[in-house]
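Engineer: Have a look at this one before I ask anything.
The values are calculated or read from the model by the stated rules, or taken from the named source; none is laboratory data. In this text the structure is predicted, and so the values were computed from the model without any measurement. Neighbour counts are summed over all protein chains in view; Cβ atoms, including those assigned to glycine, are modelled from backbone coordinates with ideal geometry. Surface areas here come from the heavy atoms of the whole protein model, side chains and all, with no ligands, DNA or RNA. Shrake-Rupley method; radii C 1.70, N 1.55, O 1.52, S 1.80 Å.
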Amino acid sequence: MSERRITGLSAAVIVDLVAELGPVWQARRDAELLDRPRRRAVGAGAKYKLVFVDRLLATLVHLRHGVTHDVLACWFQVDRSTITRAVGEIRPLLADRGCRIEGGLRLRTLADVITHLGATGRTALMDATEIRVRRPGAHRGGRSRFISGKSRINAMKALVISDERGRPLFCGEVRAGSVADITQARDAGLVDLLADTIDLQILADAGYQGLAAQTCGQVVTPPRKRRGKHLEHLH
């Protein structure tokens, strides 16, 4: 857990963090205990199952990789609530030291994304991603509604837009797997949103062919492939 590939920090830096933040964490913990009315003798009660070093490592891994509390609980062999408490205690200590996650622009809707891209003149990438789901029971209607025509699995489909560097800007407008990519984009209101935007290009795959004409070329897709009979006619 202390390897640099996992935490992003060298062992020396982690040692310094433990030496610096450990006493602060202990002092805050002791102050909380003093503020409570004591009902048991000093030293009584449940012991910590996660020492400070492990709390720090769990928080660093969570912040670096977005690992869920459930997974960390399995790794450290504790309850999920213990990890949640640990992260809640360590993050303020790291923030006070200056180790903060940089604040960024929060784009909550597809309209926010299009407005942002239009204002900055950046090129975006668009595609749909599928998440496999369980097929409805045999006696329930709409069993074929979730079958994806692309992957032939039962799935839900989310619309994803990223910037030119691949950083996600939007993921939502979830539809059943049977819905075509272009239909999902249309239902999300993309065509109407692009009507009020200029100097914006969204690169997409062949699944979105047809949007270019509807968006004055703002959605860019590969050219349509010519069929064999059309090629013969041209010759």
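Engineer: Roughly how many Å² is the accessible area per residue of the stretch 113-228, as a whole number, for a 1.4 Å probe?
Structural biologist: Ligands and nucleic acids excluded, the result is 59 Å² per residue.
Engineer: Turning to a different aspect of this structure: Counting Lys and Arg as +1 and Asp and Glu as -1, each charge on the Cβ, what is the dipole of the chain about the Cα centre in debye, to the nearest 20?
Structural biologist: That gives a dipole near 1140 debye.
Engineer: Can you give the calculated 222 nm mean residue ellipticity of the chain, where each DSSP H run of n ≥ 4 adds -39,500 (n - 2.57) and the sum is split over every residue, rounded to the nearest 500 deg cm²/dmol?
Structural biologist: Mean residue ellipticity, 222 nm, calculated: -13000 deg cm²/dmol.
Engineer: Could you give me the ³J(HN,Hα) list for the stretch 65-78, computed from phi with Karplus coefficients 6.51, -1.76, 1.60 and θ = phi - 60°, whole Hz, x at Gly and Pro?
Structural biologist: In residue order, the calculated couplings are 10, x, 5, 5, 5, 5, 5, 4, 4, 5, 4, 8, 6, 9 Hz.
Engineer: Net charge around K150, counting only other residues with Cβ within less than 14 Å of its Cβ (Lys, Arg = +1; Asp, Glu = -1)?
Structural biologist: Value of the local net charge: 0.
Engineer: Let me ask something else. Taking the mean number of other Cβ atoms within 10 Å as a proxy for protection, how do you rank 85-93, 14-22 from highest to lowest?
Structural biologist: By packing density, highest mean first, the sequence is 85-93, 14-22.
Engineer: Send over the per residue convex hull volume for the stretch 142-213, Cα only, as a whole number of Å³.
Structural biologist: 104
Engineer: Sticking with this structure for a sec: Express the Stokes-Einstein translational diffusion coefficient of the stretch 88-198 in µm² s⁻¹, to the nearest whole number, given a Kirkwood radius over alpha-carbon pairs, 25 °C and a viscosity of 0.890 mPa s.
Structural biologist: 149
Engineer: What Kirkwood hydrodynamic radius, in Å, does the chain give when the mean of 1/r is taken over all pairs of distinct Cα atoms and then inverted?
Structural biologist: The Cα-based Kirkwood calculation yields 22.6 Å.
Engineer: In the chain, what percent of the accessible surface is made up of carbon and sulfur (1.4 Å probe, ligands and nucleic acids excluded)?
Structural biologist: 52
Engineer: Taking only C-alpha pairs under 8 Å that are 6+ residues apart, what is the relative contact order of the chain in percent?
Structural biologist: Here the relative contact order equals 13 percent.
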